[in-house]
Amino acid sequence: MKNSYNITILGQQISVLSDSEDEQVAEVVQYLNKKVDEIMRSGNGLRTLNVAILAALNISEELLKLKGVNKELCSKLEDRAEKLIQLIEEAS
């Protein structure tokens with residue numbers, strides 16, 4: 001069941017629906033606000049829309065890097081599992 005949340009990002013309050021738990025929604029909002037704050041501190045008078053776009057780009061980059069790491073780890077795990085299966089079959 002989706003819950004309604006009132007969140008504030010870049011000083012803008014919006015209402016969102018989410019299936020996530022309250023703690024997870026709060027963590028997502030906190031993470032996004034942290035990224036926005038980092039950009040605002042490093043940027044020189046960036047417009048709100050530009051800050052939001054840069055935050056989205058930064059988070060997207062992090063996500064894609066983590067997906068790559070995850071894919072690599074899954075591939076290694078599958079390779080090791082196949083080797084273990086072969087060793088078990090050879091020992092039988």
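Relative to the longest principal axis of the Cα atoms of the chain, helix 22-42 runs at roughly 70 degrees.
The 3J(HN,Hα) values that the Karplus relation (6.51, -1.76, 1.60; θ = phi - 60°) gives for the stretch 2-13 are, in residue order, 7, 10, 9, 10, 9, 10, 10, 10, 6, x, 9, 8 Hz. Gly and Pro appear as x. Karplus-derived 3J(HN,Hα) values for the stretch 56-66, using 6.51 cos²θ - 1.76 cosθ + 1.60 with θ = phi - 60°, are 4, 5, 4, 5, 5, 4, 4, 4, 5, 4, 5 Hz; glycine and proline are entered as x. Placing +1 on the Cβ of every Lys and Arg and -1 on the Cβ of every Asp and Glu, with no other charges, gives the chain a dipole of roughly 520 debye about its Cα centre.
From Cα pairs below 8 angstrom and at least 6 apart in sequence, can you work out the relative contact order of the chain, rounded to a whole percent?
17
Among all the lysines, which ones have a C-alpha under 19 Å from Lys76's C-alpha, if same-chain residues fewer than 8 places away are not counted? The reachable lysines, counting only those whose Cα sits under 19 Å from Lys76, are Lys65, Lys67.
Over the Cα atoms of the chain, compute the convex hull volume and normalise it per residue, giving Å³.
133
FYI, it's all coordinate maths here, none of it is from the lab. All of these numbers come straight from a predicted model, not from anything done at the bench. Virtual Cβ from ideal backbone geometry, glycine too; neighbours counted across all protein chains shown.
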